[in-house]
C-alpha cells in the first residue's frame, strides 16, 4: 500500500498468521533454524480444543482506496501507469469477508478504533466478534482497551 488506511490488508495478515494452512511455512522456518523446534506443528487447527485464537485489529481511520503497484519493481508514479486501485467499498467488503471467515473459524476478533469517526467505528464494530469486542478510544484510553483485551484473553487461558 502506498497511502491511506489498509485495514483489509491488516486483517488479512492477522488471519494468515493463525491459519493452519500456513503450517508448511512454519515447518520450513523450523527446518531453516529461524524458529524453535517447538513451533513445528503450529499453527494449530482452527477446531483444536487446546487452542484459542485471537486477532486484535486497530485502525486510526476509515478504510480508503488501496493503491498498489502492478509491477513491484517500479514506482507507482512512473509512466506508463503502474497503479492498480481497489476502491474503498471493495476494500471494506474484503475486510468484512475476512472478519467473517475468522469468526466462522472460531477466532475471537477484537477491534480498536483510535480517534476514529462514526464511519470507521461502524466498520470496526462490524468486524469485531461482538459489540463488547469493539473499543472506540482516544488518548490514554488506548491503554485501558489493551488491558481489557489482555484480561479477557488471560481469563480464557486460565479457565480453559
What is the number of the single condition among (1) touching a helix residue (DSSP H, G or I) at 6+ places or on another chain (Cβ under 8 Å); (2) touching a residue at least 12 places away in the same chain (Cβ under 8 Å) that residue 30 does not meet? (2)
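For residue 109, are the conditions met, namely being surrounded by 13 or more Cβ atoms within 10 Å (Cβ to Cβ) and either without any contact (Cβ under 8 Å) to a residue 40 or more places away in the chain or over 20 Å from residue 15 (Cβ atoms) (or both)?
no
One line per residue, one yes/no per condition, for (1) touching a residue at least 12 places away in the same chain (Cβ under 8 Å); (2) surrounded by 14 or more Cβ atoms within 10 Å (Cβ to Cβ); (3) closer than 29 Å to residue 152 by Cβ; (4) in contact with a helix residue (DSSP H, G or I) (Cβ under 9 Å, 6 or more places away or on another chain):
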{"site": "11", "(1), (2), (3), (4)": "yes, yes, yes, yes"}
{"site": "36", "(1), (2), (3), (4)": "no, no, yes, yes"}
{"site": "52", "(1), (2), (3), (4)": "yes, yes, yes, yes"}
{"site": "64", "(1), (2), (3), (4)": "yes, yes, no, yes"}
Looking at residue 41 and the list (1) in contact (Cβ under 8 Å) with a residue 12 or more places away in the chain; (2) in a loop (DSSP other than H, G, I, E, B); (3) under 30 Å from residue 123 (Cα atoms), which single condition is not satisfied? (3)
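Take the residues in segment 70-85 that are in contact with a strand residue (DSSP E or B) (Cβ under 8 Å, 6 or more places away or on another chain) and without any contact (Cβ under 8 Å) to a residue 24 or more places away in the chain, then tell me which one is surrounded by the most Cβ atoms within 10 Å (Cβ to Cβ). Walk me through how you get there before you give the answer.
Taking segment 70-85 and keeping what is in contact with a strand residue (DSSP E or B) (Cβ under 8 Å, 6 or more places away or on another chain), we get 70, 75-76, 82-85.
Next, only the ones that are without any contact (Cβ under 8 Å) to a residue 24 or more places away in the chain stay: 70, 75, 82-85.
Numbers: 70: 11, 75: 10, 82: 17, 83: 13, 84: 12, 85: 12.
Checked segment 70-85; the qualifying residue surrounded by the most Cβ atoms within 10 Å (Cβ to Cβ) is 82.
Laboratory data are not the source of any read-out in this text; all were calculated from the coordinates shown. Note that this is a predicted model, so its numbers are computed, not measured. Cβ coordinates were reconstructed from backbone atoms using ideal geometry, including for glycine residues, and neighbour counts include every protein chain displayed.
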